Amino acid sequence: MNDLAGIAVATLGGLLLMGYLLGSIPFGIILTRLAGAGDLRSIGSGNIGATNVLRTGRKGLAAATLLFDLGKGALAIVIAEAVAPGSGPLAGFGAFLGHLYPIWLKFNGGKGVATLLGIAIALYWPLGVVFALVWLGVAFAFRFSSLGGIMAAAAMPVAAWWFGMEQALWVFVATLVLVLWKHRGNIQRLMAGTEPKIGKSATA
């Protein structure tokens with residue numbers, strides 16, 4: 001990635017906003033409504049992400065939600081890099097913020113794991129491989145989707161440093177903090193032994 005110093009502040013602000021608005025699209029809610037599965041926010045944990053869509057019993061719908069949430073993070077970076085090379089990390093962070101705090105849902109969004117995977121893939125595909133391996137490995141080993149997402153987010157700053165991606169490192173440090181914050185309820189339940197495992201229903 002090139003240095004951001006030569007890019008106008010207005011351009012950077014516009015690309016950050018573009019990423020935010022793209023990330024704000026609540027695909028989980030849109031897809032479940034189109035499929036006649038009801039309002040996702042009244043199902044399971046109330047989350048708008050693919051894990052909660054899976055609780056509707058519609059695996060295909062959950063997979064589609066995962067792909068769309070992943071895609072919006074990646075697309076924000078692709079667009080930004082086409083407009084101003086080097087601005088991808090900023091637009092990706094905007095997309096992540098949009099998913100967590102979407103303007104269309106009164107800033108009450110998802111937890112960002114799938115979108116973060118899309119960001120990692122678009123920035124440098126080996127980062128995406130690391131993310132996916134950690135996420136899936138932990139989730140299926142311990143049967144906790146939340147734990148898999150948290151550990152994958154935690155692996156990203158280390159992987160970015162390892163791959164020499166200093167300009168993207170700040171993104172993954174910031175996203176890790178936000179992932180931990182959005183998963184604070186899950187962390188409490190994990191510590192209490194009450195976190196529902198994959199395939200089980202959730203009540204909070």
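The values are calculated or read from the model by the stated rules, or taken from the named source; none is laboratory data. Note that this is a predicted model, so its numbers are computed, not measured. All Cβ positions, even for glycine, are placed from backbone atoms using ideal geometry, and neighbour counts span all protein chains on display. We work out accessible area using only protein heavy atoms, side chains counted, and drop any ligands, DNA or RNA first. Shrake-Rupley method; radii C 1.70, N 1.55, O 1.52, S 1.80 Å.
The residues listed here are L180, L147, L190, L176; of these, the one that is more than 16 Å from the chain's Cα centre (by Cα) and open to solvent by 30 Å² or more (accessible area, probe 1.4 Å) is L190. Entry remark, region 13-53: residues being surrounded by 19 or more Cβ atoms within 10 Å (Cβ to Cβ), among the aliphatic types (A, V, I, L, M) and touching a residue at least 40 places away in the same chain (Cβ under 8 Å) number 7 in total.
Of the residues in region 55-74, at least one is loosely packed, with under 15 Cβ neighbours inside 10 Å and at pLDDT 95 or above. Look at (1) more than 23 Å from Y20 (Cα to Cα); (2) in contact with a Phe, Trp or Tyr (Cβ under 9 Å, 6 or more places away or on another chain); (3) part of a helix (DSSP H, G or I) and you find that P196 fails only one, number (3). Hey, does region 121-128 have a residue that's surrounded by fewer than 20 Cβ atoms within 10 Å (Cβ to Cβ), in contact with a Phe, Trp or Tyr (Cβ under 9 Å, 6 or more places away or on another chain), in a helix (DSSP H, G or I) and not charged (D, E, K, R)? Looking for residues that are surrounded by fewer than 20 Cβ atoms within 10 Å (Cβ to Cβ), in contact with a Phe, Trp or Tyr (Cβ under 9 Å, 6 or more places away or on another chain), in a helix (DSSP H, G or I) and not charged (D, E, K, R), one finds at least one in region 121-128, hence yes.
With respect to S45, is the statement that it is among the hydroxyl-bearing types (S, T, Y) and at pLDDT 85 or above true? No, not satisfied.
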